[in-house]
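Let me begin by presenting the structure, written as structure tokens, before commenting on it.
The values are calculated or read from the model by the stated rules, or taken from the named source; none is laboratory data. From a predicted model like this one, the values you see are computed outputs, not experimental measurements. Note: ideal-geometry Cβ built from the backbone for every residue, glycine included; neighbour counts use all protein chains shown.
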Amino acid sequence: MLFDWFVLPFTLGLAYLLVVVSVKFYCWIKALPYSEKQKLKKAIFTTKSLISFKEIVMESLLHRKIFKVNPLLGYMHMSLAFGWLLLILLGNLESRVFNHGEMGPPYVPIFFRFFNPNPTAFAFHHQFSFIMDLVLVFVLSGVALAYYKRLNSNTLGLKRITKHIPADMLALTALWFIFPLRLLAESFTSGSLGGGSFLTANLGNVLNSFLPSEILYYPFWWAYSVSLGLFFVALPYSRYMHIPTEMLLIFLKNAGIEEQNSHSGFTEVELNACSRCGICIDTCQLSKAAGINNVQSVYQLRDIRYDTQDLNRSLNCLMCGRCDTTCPVGIDIAGIRQIKRNESAPGLAENYTYIKPQPVQHADVIYFAGCMTHLTPSIKKAMVNIFKNSDINFWFMDEQGSLCCGRPQLLAGKNQEAKILMQKNKMAIEQSQAKALVTNCPICYKMFHEEYKLDIPVYHHSQYFAGLLDNNLLELNHLNTSAVYHDPCELGRGSKVYKEPRQVLNSIVALNQPNDDGEKALCCGGSLGNVSISSEQRTLVTKQACDTLLQNQPEILVTGCPLCKKTFQKVSDTPVLDLAELVNNSLISRKQKPKPLKKLEKIDQVLNSLVPNQTADLE
Amino acid sequence: MPDFGYKIAKDRQIDYDENKRLIFSEVAAWEPSIYRCISCGTCAATCSAGQYTDYSLRKLILLVKRGEEQEVITNVSKCLLCGKCQLACPMGVNTRNLILGIQNAVKKTTYAV
Ligand code: SF4
Ligand code: SF4
Ligand code: SF4
Ligand code: SF4
């Protein structure tokens, strides 16, 4: 049997790695909630597994999504992952051909050149040596880029890179050494014993001209093996655990498994699948605008994974969801952060016994303004006017006392409190026997839409207006001005409502396109999701978002959220209006119309025409 | 005793020697913007909870500053966390985090012992 003592570090490291990873995978899958386990069982022998397989190739090997962020960064990740796999596969093939189909111990292909320095006897050995050298160049180019990224990350599209912990640094150093050491070991071998191809043979000759190759090649094989072994041992405790975990995550996700309300096996998989690539750092406005550099998702996930997290850090996030949309691994970051908040709900349990049952009124449609709308009375007035104009029998549910929808409590991790408020509101909604609920606040919309589980449809006012327009129940004048639309986080990324506001706006104003639009829209900075940010830091975020929106000098800044409006108003010289105000300004009064439709007939018509809670993508 | 229609008012003197200001120092460490509060009352005027019950953030902050522990405890759990006060406050006090900070401090100082 081919053997030399130096193969031990590699072989033992690999064995250790396989055991640890298998145990971890087993524990995580075991810790999945029952319902999720069932999903996994059902999905395993279906086409879903094939889809997963394809995704693994596209993402884990070729890193398609990172290519989209920056081609050079994508190339770096791809050359390391795909190149290394090629080295292993081709090495296996080479040693199989050489040994006439026999595999031998697993270390043989890795150290093939040591055991068979100059294999002139077997077919295609020139071709094999050439290809192996070529692949090594491919991998080494990735390593070179990785070195370079540490020095100058801007060229690879990253303004800021992740600050790493010791386990990461150890694994990183080992990884950086692996391929250069392989290169040197192979070159010295070919320098003294011959063999190799364009890279290793030539480099071997050069090195041999002034160095004693025959003494050096053996220690370098040792060093290569040690660096491999070290990397394998450090891997499960470092960010490189993402390599095996990402594949598992793809399988689980394609089986339909998702985050629950509490920490589960799936959460562990997601935490370990984060490669700490740092792409989320630049996306985060807190780092870009407000100089807060230690709260980004990469650090949050790491804190939770190693259980070193402080509450203040998890509360310092706008919950804007921008990082979720750029994460190449597709981790449900918002979900994980919410779980963390739920677990460590700050403060005391609230006492809401003072809230009595709400007065109720029968109506066809409920209008819920929400706390933030009460701070922007012009929106409230506009909404009421629009309702009145279309002769709809509506009830302004929170006109008097305004009871909160519960979302701020939920975002702060206070689930019990949110439930109390939800229950009170839900009771009033049910008693009113309304057929639909309309709100102009995206925060309330998301809450009613997702958490309340109401029997009636819930509409954001933009959806409601779009429905009225489609049915010619709302007539609007074109205002001959230009405007830019700001997607509120809770409405856009949060509820996937992008189309309707634009549809309504297009019939009133000339819309211009800002730089970051739709899914990439910036957060206004006012978000209730961030509890601990100071008001000065908020303003920095707001200013930057506002500047981006106003780049093309529109005459109006329009948004669909009272909180966004209030926030932008503080820094913007351009007038900031809510969609409702704009619609109200351009409203053609129905009173001048010949014959309004009959009431009941009409409301049913309107409600039927609206696709319930439709979610639409950007056109 | 015959009822003459008026009573002796309760003593409203605040004894700083007796009042522990532990809560305040905890809160100030958690959310330093408490120092900015000028007791203007804008927060209380807009408060959602204040529409239903006797609760005022302005008062709560004063109570914390004065170390009136008992009254802080009776009032600290009424907030809806809706955030209206934060947008209304002219001094940029980070009110929601402040309220959570007061709750944390109460939890620590009264329940921990
Ligand atoms: S969360 Fe996603 S984007 Fe951020 S470091 Fe992890 S893998 Fe990269
Ligand atoms: S949700 Fe927004 S604020 Fe929070 S980390 Fe992600 S990008 Fe930053
Ligand atoms: S509005 Fe601000 S400054 Fe005024 S009392 Fe309330 S917290 Fe203090
Ligand atoms: S957050 Fe609390 S204190 Fe502030 S307005 Fe809302 S209920 Fe009142």
Going through segment A:364-403 one residue at a time, which ones are in contact with a Pro (Cβ under 7 Å, 6 or more places away or on another chain), under 16 Å from residue A:465 (Cα atoms) and either surrounded by fewer than 20 Cβ atoms within 10 Å (Cβ to Cβ) or modelled with pLDDT under 95 (or both)? A:391
Hey, could you check segment B:32-49 for residues that are buried (at least 22 other Cβ atoms within 10 Å of the Cβ) and more than 9 Å from chain A (Cβ to nearest Cβ) and say which is nearest to ligand 2 (Cβ to nearest atom)? B:43
Looking for something in contact (Cβ under 8 Å) with a residue 12 or more places away in the chain and either farther than 18 Å from residue A:146 by Cα or touching a Cys at 6+ places or on another chain (Cβ under 7 Å) (or both) - is there at least one such residue anywhere in segment A:171-184? yes
For the condition more than 9 Å from every other protein chain (Cβ to nearest Cβ), assigned to a helix (DSSP H, G or I) and within 23 Å of residue A:404 (Cβ to Cβ), what is the one hit in B:61, B:23? B:61
All but one of (1) more than 24 Å from the chain's Cα centre (by Cα); (2) away from ligand 1 (no atom under 16 Å from the Cβ) hold for residue A:171, so report the exception by its number. (2)
Out of all the residues in segment A:414-424, is one or more assigned to a loop (DSSP other than H, G, I, E, B) and at positive phi? no
If we keep only residues of segment A:313-358 that are among the basic types (Lys, Arg) and in a helix (DSSP H, G or I), then the residue nearest to the other protein chains (Cβ to nearest Cβ) is A:341
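Rundown of residues vs (1) part of a strand (DSSP E or B); (2) under 15 Å from residue A:578 (Cβ atoms), yes/no style:
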position	(1), (2)
A:443	no, yes
A:452	no, no
A:456	no, no
A:459	yes, no
A:464	no, yes
A:472	no, no
A:490	no, yes
Any residue at all in segment A:496-508 that is farther than 13 Å from residue A:559 by Cα and crowded, with 20+ Cβ neighbours inside 10 Å? yes
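The rows are residues; the columns are (1) within 14 Å of another protein chain (Cβ to nearest Cβ); (2) more than 20 Å from residue A:582 (Cβ to Cβ); (3) at pLDDT below 95; (4) outside any loop (DSSP other than H, G, I, E, B).
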{"position": "A:508", "(1), (2), (3), (4)": "no, no, yes, no"}
{"position": "A:511", "(1), (2), (3), (4)": "no, no, yes, yes"}
{"position": "A:514", "(1), (2), (3), (4)": "no, no, yes, no"}
{"position": "A:532", "(1), (2), (3), (4)": "yes, yes, yes, no"}
{"position": "A:542", "(1), (2), (3), (4)": "yes, yes, no, yes"}
{"position": "A:551", "(1), (2), (3), (4)": "no, yes, yes, no"}
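This table checks each residue for (1) crowded, with 20+ Cβ neighbours inside 10 Å; (2) assigned by TED's automatic domain parsing to the domain that holds residue A:432.
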{"residue": "A:445", "(1), (2)": "yes, yes"}
{"residue": "A:453", "(1), (2)": "no, yes"}
{"residue": "A:475", "(1), (2)": "no, no"}
{"residue": "A:487", "(1), (2)": "yes, no"}
{"residue": "A:493", "(1), (2)": "yes, no"}
{"residue": "A:513", "(1), (2)": "no, no"}
{"residue": "A:518", "(1), (2)": "no, no"}
{"residue": "A:533", "(1), (2)": "yes, no"}
{"residue": "A:540", "(1), (2)": "yes, no"}
Please list, ordered by first then second residue, the pairs with beta carbon atoms under 8 Å, 6 or more apart or interchain, first in segment A:21-41 and within 12 Å of residue A:245 (Cα to Cα), second among the aromatic types (Phe, Trp, Tyr) and surrounded by 15 or more Cβ atoms within 10 Å (Cβ to Cβ). A:28/A:266
In segment A:287-321, anything within 11 Å of ligand 1 (Cβ to nearest atom) and crowded, with 22+ Cβ neighbours inside 10 Å is listed as A:296, A:297, A:298, A:300, A:301
Only one of A:93, A:145 that is of a type outside the set (Phe, Trp, Tyr) and under 31 Å from the mean Cα position of the chain (by Cα): A:145
Only one of B:104, B:97 that is modelled with pLDDT under 95, away from ligand 4 (no atom under 11 Å from the Cβ) and facing another protein chain (nearest Cβ under 9 Å): B:104
